[in-house]
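See structure below.
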Amino acid sequence: MRLFIAINFSEELTRELLRAVHSLRQQSARGTFTRPENLHLTLAFIGETDRVNDAEAVLQKVCSHHRSFPITLSGSGRFPGRDRSTAASGRSEGDLYWAGLEKSPALSALAADLQQELRKAGFPIEERAFRPHITLGRRVLPKAGPRPAEGAAQAPNPGRAAEAAQVPNSGRSPGAASRSAAAPIRLQIRPKTMDACWVSLMESERIDGILTYTERASFRLR
């Protein structure tokens, strides 16, 4: 069983994220776009394990020590994919595009506590900085054509690697872009806010070839 711990979103935040996914799809030549029911914020990735009860116990313990807090959407960006383009095919793997969140000490503390307690319980949680982001699309390649008019929002700093690959922001008019080159993808994320009150243990699996996330347990923050 492939498990991760996440915050799922309110209807209002989900609608805003779906608007961004639609905009991303419209500006893309190809890509794999996140389905509405799969939108989430990962706090800790556990991976393959049969220790579901142990993971639930850790989640319940950590949630009992943290209060609920607000989270607000803020900005967008991309993580570059590995370039697999060749002279023969001219194709590359594409990039991962994400929506970001405003900086939240409470969110960072919750994620750090979860990862620490999971490691104490013997789960092989990777040691890496927590960079909160919401995946909108993977393996995305932009369409060739002029730059869209929609303004790009700034990324909220999920990490230097993301900053270096941030969705570009230019004051040039749409007509200044080359029609033969790939137009930069621009996403505008409105600052919708919700109270994070519940944290969920999620299972990731493929059902009939479709990536599906199923909630296995959920615990309320204090």
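Here's the yes/no breakdown for (1) farther than 15 Å from residue 96 by Cβ; (2) surrounded by 18 or more Cβ atoms within 10 Å (Cβ to Cβ); (3) under 16 Å from the mean Cα position of the chain (by Cα):
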position: 5; (1), (2), (3): yes, yes, yes
position: 9; (1), (2), (3): yes, yes, yes
position: 13; (1), (2), (3): yes, yes, yes
position: 19; (1), (2), (3): yes, no, yes
position: 28; (1), (2), (3): no, yes, no
position: 31; (1), (2), (3): no, yes, yes
position: 34; (1), (2), (3): no, yes, yes
position: 37; (1), (2), (3): yes, no, yes
The number of residues in the stretch 107-138 that are acidic (Asp, Glu) and surrounded by fewer than 17 Cβ atoms within 10 Å (Cβ to Cβ) is 2
Within the stretch 57-93, the residues that are in a loop (DSSP other than H, G, I, E, B), modelled with pLDDT of 95 or more and closer than 28 Å to residue 19 by Cα are 68
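For the stretch 1-38, which residues satisfy the criterion of being of a type in the set (A, V, I, L, M, F, W, C) and either in contact with a Phe, Trp or Tyr (Cβ under 6 Å, 6 or more places away or on another chain) or part of a strand (DSSP E or B) (or both)? If you could, list the steps in order and put the result at the bottom.
Quick first cut of the stretch 1-38, residues of a type in the set (A, V, I, L, M, F, W, C) only: 1, 3-7, 9, 13, 17-18, 20-21, 24, 29, 33.
Answer for the stretch 1-38, where residues must be of a type in the set (A, V, I, L, M, F, W, C) and either in contact with a Phe, Trp or Tyr (Cβ under 6 Å, 6 or more places away or on another chain) or part of a strand (DSSP E or B) (or both): 3, 4, 5, 6, 7, 21, 24, 29, 33.
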Result of the Cβ filter at 7 Å on the stretch 193-222, keeping first residues that are closer than 20 Å to residue 65 by Cα and partners that are of a type in the set (D, E, K, R) and part of a strand (DSSP E or B), at least 6 apart or interchain, is 197/220; 198/220; 200/215; 201/216
Exactly one of 113, 50 is out of contact with any strand residue (DSSP E or B) (no Cβ under 9 Å at 6 or more places or on another chain), at pLDDT 95 or above, outside any helix (DSSP H, G or I) and not aromatic (Phe, Trp, Tyr), and that one is 50
Taking the stretch 49-60 and the residues there that are surrounded by fewer than 18 Cβ atoms within 10 Å (Cβ to Cβ) and touching a Leu at 6+ places or on another chain (Cβ under 8 Å), the one that is nearest to residue 94 (Cα to Cα) would be 49
| message | Condition (residue is at pLDDT 95 or above and loosely packed, with under 14 Cβ neighbours inside 10 Å) applied to the stretch 95-106: is it met by at least one residue? | response | yes
Report yes if some residue within the stretch 213-222 is at pLDDT below 95, more than 20 Å from residue 25 (Cβ to Cβ) and either part of a strand (DSSP E or B) or not polar (S, T, N, Q) (or both); otherwise report no. yes
Per the list (1) in a strand (DSSP E or B); (2) at pLDDT below 95, residue check on residue 138 breaks on (2)
Checklist line | Residue check, residue 184 modelled with pLDDT of 95 or more and in a loop (DSSP other than H, G, I, E, B) | finding: no
Residue pairs qualifying under the 8 Å Cβ cut-off, at least six apart or on distinct chains, with the first in the stretch 107-126 being acidic (Asp, Glu) and the second being assigned to a helix (DSSP H, G or I), are 113/62; 117/58; 117/61; 117/62
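The values are calculated or read from the model by the stated rules, or taken from the named source; none is laboratory data. This one's a predicted model, so the numbers in the text were calculated from it and none came from an experiment. Every residue, glycine among them, receives a Cβ derived from its backbone with ideal geometry; neighbour counts consider all protein chains shown.
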